[in-house]
């Protein structure tokens, strides 16, 4: 039956399949245009491949890139580092520095090749050098502070994603430990059906939640998870028996129309309502305390899910990010002229290092502000695929682990117990 459907892992898609399913997304496009362009390029087989990847029980990628603390290993890394994002502007700055040095030393040079130029030769640059030194001090502080604030935002999102997982596991654990059992300590048939249905809804809730939080981006492998929040994506989920026809109609029907990004809220209400029905029908054992805890966990889940979207909508004021960008760009652009008055030909390598460090700080900060890759950042992204696969595994782990209770060696009847 649909409520007992278990997801099977599928083989990793080929690079050709991923390229065909990923359209050419432009950075300036908004969410709706990105999603519309994606839907034009995907067919049912692409959506099926997406469903297979995000409904497997475990086996997902790493949450984010690991590192080894050895310096020799760190020095060999390129992909996912600031070097990958800054080598082009660093080379451009070094070319500009080379042109400056060549111009200043092309005629009438009377100082050593690797020496510091005479003050008379660079007198016109001394004022710029002094002003640049003030900008350097200011930019160092602002850029460092910006990075710390961005990293705090990234940490908060990482914590919230784990809280979502934790609350879903809490619900599954409470259901498994309080479900009706027979005299042998096994789940009754109707309790097993309830747990299967609840586990499927937990998976569906989590998938629809993240489908509403992400959007098509350059970092996607294959079709974007956001495809599954559309009517077409839900239709494929229904045909693949990950939700029933009745559930599909409730999610997309005109009479119960909800926003594509809020459909997970409906599933959470299903879970709470079914819990209340199961308590009334004695499918779940436990008193008012158990009901209070379960509903508190459900409301905490709703709150943390809402906070992820709220934080993303107000992650950093535009004026602040704009100021830091201008400050760093001006610092790097003026460096070839300002440094020449102090270090001469050594301006060329120093400008490259300066660009790597300051623009690297800025690139890393903006990457921290985009923890799920929605703004096309390609590094420091938290893997939504990993989160979904872990919750899929947790949805069945709790009921499977307590399918049968150990034999009890003493009486559990009311009153004084006696050893057997």
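The values are calculated or read from the model by the stated rules, or taken from the named source; none is laboratory data. Please read these numbers as outputs of a predicted model, since none were measured by experiment. All Cβ positions, even for glycine, are placed from backbone atoms using ideal geometry, and neighbour counts span all protein chains on display.
Values for this structure:
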read-out	value
Filter result for the condition that a residue is surrounded by 14 or more Cβ atoms within 10 Å (Cβ to Cβ), outside any helix (DSSP H, G or I), at pLDDT 90 or above and in contact with a helix residue (DSSP H, G or I) (Cβ under 6 Å, 6 or more places away or on another chain), over 243, 251, 301	243
Residues of region 60-76 satisfying the condition of being under 29 Å from residue 393 (Cβ atoms) and either in a helix (DSSP H, G or I) or in contact with a helix residue (DSSP H, G or I) (Cβ under 9 Å, 6 or more places away or on another chain) (or both)	60, 61, 62, 63, 64, 67, 68
Residues (surrounded by fewer than 21 Cβ atoms within 10 Å (Cβ to Cβ) and outside any helix (DSSP H, G or I)) located in region 46-59	56, 57, 58, 59
Residues located in region 22-42, provided they are exposed (fewer than 11 other Cβ atoms within 10 Å of the Cβ) and modelled with pLDDT of 75 or more	32, 40
Set 377, 383: member being surrounded by fewer than 21 Cβ atoms within 10 Å (Cβ to Cβ) and under 17 Å from residue 64 (Cβ atoms)	383
Selection within region 228-240 - in contact (Cβ under 8 Å) with a residue 12 or more places away in the chain and buried (at least 18 other Cβ atoms within 10 Å of the Cβ)	228, 229, 230, 233, 234, 236, 237
Residues of region 160-188 that turn out to be in a loop (DSSP other than H, G, I, E, B) and in contact with a helix residue (DSSP H, G or I) (Cβ under 8 Å, 6 or more places away or on another chain), as a count	1
Flag if residue 266 is outside any helix (DSSP H, G or I), touching a helix residue (DSSP H, G or I) at 6+ places or on another chain (Cβ under 8 Å) and surrounded by 13 or more Cβ atoms within 10 Å (Cβ to Cβ)	no
Only listed residue being crowded, with 20+ Cβ neighbours inside 10 Å and more than 30 Å from residue 41 (Cβ to Cβ), chosen from 175, 225, 208, 204	175
